[in-house]
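Undergrad: Below: one structure in structure tokens.
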Amino acid sequence: MHQWSRQWEYPFVIGRAMSGLRGHPGTSPNRAILDAGAGVTFLPYYLAEQLPEVELTCLDYDPAWATVYEQTNRTAARPIRFVADDLRRLPFPDASFDVVYCVSVLEHTKAYGDIVGEFRRVLRPGGTVIITFDISIDGDSDIPPQKAHHLLDILFRQFPETPPSEYSDLPASVTAYGVLTTRAVLAIDVRLLPWTFPQPSLVRRLLGLGVRSDSVRNLTVFCHEFSG
């Protein structure tokens with residue numbers, strides 16, 4: 001949780017996943033959640049403890065995580081199934097999951113249409129897809145507002161709904177007053193920022209001189225729940 005955007009993303013995912021399951025009785029006796037692009041975090045284990053009747057599956061492209069999950073499962077209250085595979089070709093049958101969530105992954109990919117289409121395919125009717133991703137306000141990293149708008153176009157086509165008002169002018173929305181950004185977080189606690197600073201900034205921190213805001217990649221985070 002000690003990271004600028006995860007403090008918002010994880011509670012958002014937890015709350016929406018639980019409410020999504022409550023609002024979706026489902027037609028299958030086996031309730032299931034997919035963590036898409038999981039890496040290794042506490043999140044699926046927390047959800048497994050809170051939702052003992054639900055099967056949690058984590059998928060990531062890196063097969064090296066399998067060993068970590070195997071070790072963690074030995075002492076976990078409930079083991080988590082790990083699958084190493086590609087988000088563009090999910091190795092699951094149609095309508096396999098009641099909830100699919102994807103935390104800060106899509107901005108690091110390119111095949112948005114393929115990935116979002118796979119989320120739609122494996123989602124059970126009436127299920128919930130929860131998406132979060134960073135938006136690079138200054139365009140210096142993934143994903144700039146123009147590409148974010150393209151990604152949202154794909155999501156709203158796959159999961160038809162009325163887009164939020166911020167969607168109509170994303171570049172203006174991400175710079176509006178009150179929007180959480182990394183430069184705002186810099187003024188709160190520099191340790192919340194997720195990357196290793198370049199050497200000059202590190203020296204300034206050690207000397208108690210602070211970090212210049214213009215040396216920090218300016219990001220905000222998008223979180224949204226889509227209904228299938």
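Undergrad: Can you pull out the trypsin sites (Lys or Arg not before Pro) in the range 1-105 that DSSP calls coil and that have at most 13 other Cβ atoms within 10 Å?
TA: 74
Undergrad: Test of understanding: what is the full-extension gain from residue 94 to residue 49, defined as 0.36 nm times their sequence separation minus their Cα-Cα distance?
TA: Length gained between residue 94 and residue 49: 13.6 nm.
Undergrad: Then there's this: Once both labels are modelled 7 Å past Cα along the beta-carbon direction, what's the residue 73-residue 175 spacing in nm?
TA: Between residue 73 and residue 175, the label points sit 4.9 nm apart.
Undergrad: Taking amide H positions as placed in the peptide plane 1.01 Å from N, state which residues far from residue 219 in sequence (5 or more) or on other chains have amide H under 5 Å from it.
TA: 137, 182, 183
Undergrad: Tell me the angle of helix 112-122 to the major Cα principal axis of the chain, expressed in degrees between 0 and 90 and rounded to the nearest ten.
TA: So the helix axis and the longest Cα principal axis differ by about 30 degrees.
Undergrad: While we're looking at this one, here's another question. So what J values fall out for the range 155-169 if you push phi through Karplus, 6.51 cos²θ - 1.76 cosθ + 1.60 with θ = phi - 60°, rounded to Hz, Gly and Pro as x?
TA: 5, 6, 6, 6, 10, x, 6, 7, x, x, 4, 5, 5, 5, 9
Undergrad: Can you give me the angle between helix 6-22 and the longest principal axis of the chain, using Cα atoms only, in degrees from 0 to 90, rounded to the nearest 10?
TA: Approximately 20 degrees, to the nearest ten.
Undergrad: In the range 37-76, which GluC sites (Glu not before Pro) fall in coil by DSSP and have 11 or fewer other Cβ atoms within 10 Å?
TA: Passing sites in the range 37-76 are 53.
Undergrad: What number comes out for the charge environment of residue 179, summing +1 per Lys or Arg and -1 per Asp or Glu over other residues with Cβ under 14 Å away?
TA: Surrounding charge for residue 179 is -3.
Undergrad: Starting from 0.36 nm per residue, how many nanometres of slack lie between residue 121 and residue 86 once their C-alpha separation is accounted for?
TA: Result: 11.2 nm gained on full extension.
Undergrad: Give me the net charge of residue 168's neighbourhood, meaning all other residues with Cβ under 15 Å from the Cβ of residue 168; Lys, Arg count +1, Asp, Glu -1.
TA: For residues surrounding residue 168, the net value is -4.
Undergrad: Could you derive backbone 3J(HN,Hα) for the range 174-188 from the dihedral phi with the Karplus parameters 6.51, -1.76 and 1.60 (θ = phi - 60°), listing whole Hz in sequence and x where the residue is Gly or Pro?
TA: Rounded to whole hertz, the list is 6, 10, 5, 4, x, 6, 5, 9, 5, 5, 5, 5, 4, 6, 8.
Undergrad: Once you list every other residue whose beta carbon is under 9 Å from the beta carbon of residue 142, what net charge do they have if Lys and Arg are +1 and Asp and Glu are -1?
TA: After counting each charged neighbour, the total is -1.
Undergrad: List the trypsin sites (Lys or Arg not before Pro) within the range 93-157 that DSSP assigns to loop and that have no more than 12 neighbouring Cβ atoms inside 10 Å.
TA: 110
Coordinate-derived values only; no laboratory data. Remember, predicted model here, so these are calculated numbers, not experimental data. As a convention, Cβ positions derive from the backbone with ideal geometry for all residues, glycine included, and neighbour counts pool all protein chains shown.
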